[in-house]
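No value in this document is a laboratory result; all are computed from the given coordinates. This structure is a prediction, so every number in the text was calculated from the model and none was measured. All Cβ positions, even for glycine, are placed from backbone atoms using ideal geometry, and neighbour counts span all protein chains on display.
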Amino acid sequence: MTRTLITNGTVIDPANGIDERGSLLIEDDRVVEFLAGGHSSEIDAQVLDAEGLLVTPGFVDSHVGVGEPGFEEDETIASAALAAVAGGITSIATMPSTHPVVDNRGAAEFVKHQAGQVAGCRVYPMGAVTQGAEGKELAEIGQLAETGAVAFTDAKSPIANAEVMRRALEYTGMFDRAILHNALVPELSETGVMHEGFQSTRLGLRGIPAAAQDIMTARDIALAELTGGRVHIMCMTTTASVDLLRNARQNDIRVSGDVTPHHLLLNDTVMETFDTRYKVLPPLRSPDHIDSLISGLKDGTITCISSDHQPLAIEKKQIELDIAPAGICGLETLLCCSVKALIEPEHLTWSQLIRCLTVGPANLLGLDAGNLSPGQQADVTLIDPSRKITINAQDFRSRSRNTPFDGNTYKAAVVKTLVGGSIVYDRDASE
């Protein structure tokens, strides 16, 4: 039996309403209890001093792109897991947009097998909603659920056919699984490069209007109300979509949404650099839309923050902006960028931010994670809120380097990550 006492830190556990100085006692791989106040010398345990640190549940990332199988040059499950724990993330749900697509039992079993070989991060597969993520015929949803798919998504491919989406919601509802949807009207978004507005006109680049997300979000909410199924809007970016979600949740429709740090921290003016690292889907919007996203986080309309990790090998991004694939490598910058966008301007408290990184995504995926309750798996993240770090993409544990934040200095660093009571990442030891 191994006992560890994380002491002298500020424990933030939103699921249990804890935000105070105290200690966390761990026995083997489980949380024993939270002890308010200072370290008790009477406890027989190895001590991990967290003076000046925040002690939180390990983060949960609800949609993470991995290349394996088929695109291992971008990312493997093992490299994604290493990147995740460096970002304080102890559980990730992997996108099914691999080759082949995870749309059947065999493909899901492969992901689970590979995840079982990974030390230090909990990896959960998501299954495709439709065969080949093509939006036409439903995938083997029942078999995928039985194999362990925690949710369903066609990743970045919108499900344009309303009848297919309706049947998918009915089917996934039988297994109480959510559909995570990239809510964009394809006809309004497929050829776009950036947000449609003043900047796209000035730069002469094809735009993706806010209406592309608004229309599809409204449709998804209507279908969720019709079927009783669960829809989660990934990467919310527009004012109207936030308003639609707020109204739906007030009327107890089973819908939710998330936002990414890059959609909070960056706006469409950066596209004047024509740098492909800023190209994401949905696109970076104008500042007024960002204000609405922040309001949605503040009032609880938006319940999750996700990295939307989309790793891409360097040669895939170093081409013309029009044809470059969209995506940002986000696991290792999740915390510091969130702090820059939300804590430093005092939009959210630390407890509110941690809730969006733990409780929200854990509830979405139905995971027994994201809290420090007694008996819970001891997945813990230690944060130094005042430590400055400079992003160096060459030091990423991810196989990819496609981040626009390379070279920027931010405040707040993950200093240690524990999974099952064991330290799987130590910043000081790795630098």
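Couple of notes before you dig in:
- Cα-based reach from Lys317 at 14 Å (exclusive), listing aspartates and glutamates while leaving out same-chain residues under 8 positions away: Glu73, Asp74, Asp275
- Electrostatic bookkeeping for Gly204 treats Lys and Arg as +1 and Asp and Glu as -1; over the other residues with beta carbon under 12 Å from its beta carbon, the sum is 0.
- Karplus (6.51, -1.76, 1.60) ³J(HN,Hα), θ = phi - 60°, over region 118-133, in Hz, Gly and Pro reported as x: 8, 9, x, 8, 8, 10, 10, x, 10, x, 6, 6, 10, 4, x, 6
- Relative to one another, the C-alpha centroids of region 332-370 and region 151-166 are positioned 26 Å apart.
- Taking a Cβ cut-off of under 13 Å around Gly127, the surrounding Lys, Arg, Asp and Glu residues balance to a net charge of -2, with basic ones at +1 and acidic ones at -1.
- Across region 149-247, the fraction of Cα-Cα pairs farther apart than 23 Å, rounded to a whole number, is 27%.
- Charge dipole of the chain about the Cα centre (unit charges at C-beta), most positive-ward option of Leu418, Thr90, Val102: Val102
- Candidate lysines - alpha carbon under 19 Å from Lys411, same-chain residues fewer than 8 apart omitted: Lys340, Lys388
- Each other residue within a Cβ distance under 12 Å of Ser62 adds +1 if Lys or Arg and -1 if Asp or Glu, for a net charge of -3.
- Computed over the chain, the per-residue total of -39500 (n - 2.57) for DSSP H runs of n ≥ 4 gives a 222 nm mean residue ellipticity of -8000 deg cm²/dmol, rounded to 500.
- Cα-based equivalent ellipsoid of region 1-155: semi-axis lengths in Å, sorted from largest, via gyration tensor: 39, 15, 13
- With all pairs of separate Cα atoms included, region 146-188 yields a Kirkwood hydrodynamic radius of 11.1 Å.
- Magnitude of the charge dipole, region 65-112, Cβ model with Lys/Arg +1 and Asp/Glu -1, debye to 20: 240
- Lys, Arg +1 and Asp, Glu -1 on Cβ, resulting dipole of the chain about Cα centre, debye, nearest 20: 380
- Degrees separating the helix 77-86 axis from the principal Cα axis of the chain, which is the longest one: 60
- Relative intensity, log₁₀ I(q)/I(0), of region 7-49 from a Debye sum that treats every alpha carbon as a point, q = 0.23, 0.29 Å⁻¹: -0.79, -1.15
- Tilt relative to the chain, helix 211-227 - C-alpha long axis, 0 to 90 degrees, to 10: 70
- Debye log10 I(q)/I(0) at q = 0.22 Å⁻¹ for region 186-238, Cα point scatterers: -0.81
- 20 °C / 1.002 mPa s Stokes-Einstein diffusion coefficient of region 261-347, Kirkwood radius on C-alpha pairs, µm²/s: 155
- Between 0 and 90°, nearest 10: helix 162-173 axis offset from the chain longest Cα axis: 30
- Region 76-136: Cα Rg divided by the 2.2 N^0.38 Å rule of thumb: 1.15
- Relative packing of peptides 267-276, 352-361 - highest average C-beta neighbours within 10 Å first: 352-361, 267-276
- Listed peptides 192-205, 277-290 appear in the order 277-290, 192-205 once ranked by packing, highest mean of other Cβ atoms within 10 Å at the front.
- Overall Cα dimensions of the chain - principal axes, largest extent first, Å: 66, 46, 43
- Size of region 273-416 from its Cα atoms: along the principal axes, largest to smallest, the extents are 52, 34, 32 Å.
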